[in-house]
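Accompanying notes for the structure given below.
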Amino acid sequence: MATISSDKDEPLIADQLRADPRVCEAKKLILAAMEEKKRSITGVRPPVKELKQSYEEALKVFGTQRGGKLFFPYIGSGIGNGALVELADGSIKYDFISGIGVHFFGHSDLELAAAALDAALSDTIMQGNLQQNTDAVALVNLFIRISGFDHCFLCSSGAIANENALKLMLQKKYPAHRILAFERNFIGRTLALSQITDKPAYREGLPLNLPIDYVPYFDPKHPEESIQHAVTVLKKHLHRYPKQHALMCVELVQGEAGAYPGSREFFIEIMTLLKENNIAIFDDEVQTFARTHQLFAYQHFDLKEYIDVVTVGKLSQICATLYTKELTPRTGLLSQTFTSSTAAIHAAATILNKLRESDLYGENGRIANTHRYFADKLQKLSELMPDKIRGPFGIGAMIAFTAYDGSHEKTLELIHRLFDAGVMSFNAGANPTRLRFLLPVPVMTYQDIDQVVEILQKALT
Ligand SMILES: Cc1ncc(COP(=O)(O)O)c(C=O)c1O
């Protein structure tokens, strides 16, 4: 990044505030208190009896006021310790779903708390397109350096990052306007995205105005046949609507569908055909970013040269649309009041640096090793009780299994039984529905996995 500096002796007033000894001491004291309190959270604990009634009442009122019951009876107290979190009813649970992939560094991470304290010193809570501070400028530069893309546009939700990506590609490819997507994909729930997400229930009652053509996804049980089948279907769409497709949406690992990784060979066949037909390739990494054996899933599958746009979100705290210079939009296409909160901008920069400096990546990195350990435990459990658990599936920090017959109802029952026993998970996909974990790998240990598997075994029986 071009740094903003001069030979002038006197630092800017903002730098003087950040370096003020009172600020530094206050920060130190706050973090020390946090560290001390979080250390008292050491394992799963049931709710406190005396809090039960008021907790249930609060849940009921909250459910009514927000217009729908919560999936879990979860109201956090505001503290945790790594993979463990305290709820407002006094219970402590393993958070192995991390807010559906958001809290990769677990609960009460001190470096993230320090980033939020730094953000609190800033002049504004939110930053927007009209007025951005040096921290937003540095973050955009960091995203560009780690991704190798030419441009980065920040926003505060995965769905908006995806909307922005679609707009870039549709504007550039006009008058081509059809969209290709994989069957069982999940891309978000705005009016446009719920038309692409391959789940009819998510678009019930909504007007449909986008032409979408679906292509079947990779099937690891029949790799060769599934590649042939997908290519045949794609060719049919291209033949039926010549020069009308602007882009294809791709998840390199289908997350919401139930943790289905594709394969490099599969993607190369599809992507080569797309390139030959001048169709832009959009890699949605809102869920996969930083969770495979590489920082980006396109690095994991070695596909960078094919990708025109990639979006990230969830664990990065801020969301971003990263794209090539060929897709630079005309003025007015992308804008918004909020880039994000200053706290999210600081947290994102801290997270990206933590990830880059970590031992998480590579075939023997912490993510791959944690996956192997957990998968091995689940495999053994499935050998012990083959009628109750099948799998495991997934890759890296995304791991799933099919429980019982894979029915939606039985899987949900198990997820709630697990919650009561102290472990948070979530469902994914349909036919079969799977139970999935999005693991907070940097803050969890093999001992945590042992405990969770023990709780799971009891809940299954
Ligand atoms: C692959 C994928 N794309 C997009 C989204 C939408 O992100 P958000 O919920 O932040 O809008 C999600 C969220 O689950 C996702 O998993």
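The numbers here are math on the coordinates, done by the rules we state, and not lab data. Every value quoted in this text rests on a predicted model; they were computed, and no experiment measured them. Every residue, glycine among them, receives a Cβ derived from its backbone with ideal geometry; neighbour counts consider all protein chains shown.
Numbers at a glance
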quantity: Residue in the range 263-282 that is over 30 Å from P392 (Cα atoms), touching a residue at least 60 places away in the same chain (Cβ under 8 Å) and surrounded by fewer than 15 Cβ atoms within 10 Å (Cβ to Cβ) present; calculated: yes
quantity: Condition met for S98 (surrounded by 23 or more Cβ atoms within 10 Å (Cβ to Cβ) and among the polar types (S, T, N, Q)); calculated: yes
quantity: Set G101, G82: member being within 16 Å of the ligand (Cβ to nearest atom) and out of contact with any Cys (no Cβ under 6 Å at 6 or more places or on another chain); calculated: G101
quantity: All positions within the range 142-163 that are more than 16 Å from L333 (Cβ to Cβ), within 15 Å of the ligand (Cβ to nearest atom) and either outside any helix (DSSP H, G or I) or of a type in the set (S, T, Y) (or both); calculated: S156, S157
quantity: So L166, is it surrounded by fewer than 22 Cβ atoms within 10 Å (Cβ to Cβ), within 16 Å of the ligand (Cβ to nearest atom) and among the aliphatic types (A, V, I, L, M); calculated: no
quantity: Residue within the range 379-389 that is over 30 Å from L110 (Cβ atoms) and crowded, with 21+ Cβ neighbours inside 10 Å present; calculated: yes
quantity: All positions within the range 16-40 that are among the acidic types (D, E) and farther than 21 Å from G82 by Cβ; calculated: D20, E25
quantity: Tabulated pairs, the range 301-312, first assigned to a loop (DSSP other than H, G, I, E, B), second within 13 Å of the ligand (Cβ to nearest atom) and among the aromatic types (F, W, Y), C-beta under 9 angstrom, 6+ apart or interchain; calculated: I307/F282; D308/F282
quantity: Residue in the range 381-389 that is of a type in the set (K, R) and not in a loop (DSSP other than H, G, I, E, B) present; calculated: no
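Yes/no matrix, rows are residues, columns are (1) within 15 Å of the ligand (Cβ to nearest atom); (2) out of contact with any Cys (no Cβ under 9 Å at 6 or more places or on another chain):
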| residue | (1), (2) |
| --- | --- |
| P211 | no, yes |
| K221 | no, yes |
| K235 | no, yes |
| H239 | no, yes |
| K243 | no, yes |
| P261 | yes, yes |
| E269 | no, yes |
| D284 | yes, no |
| A290 | yes, yes |
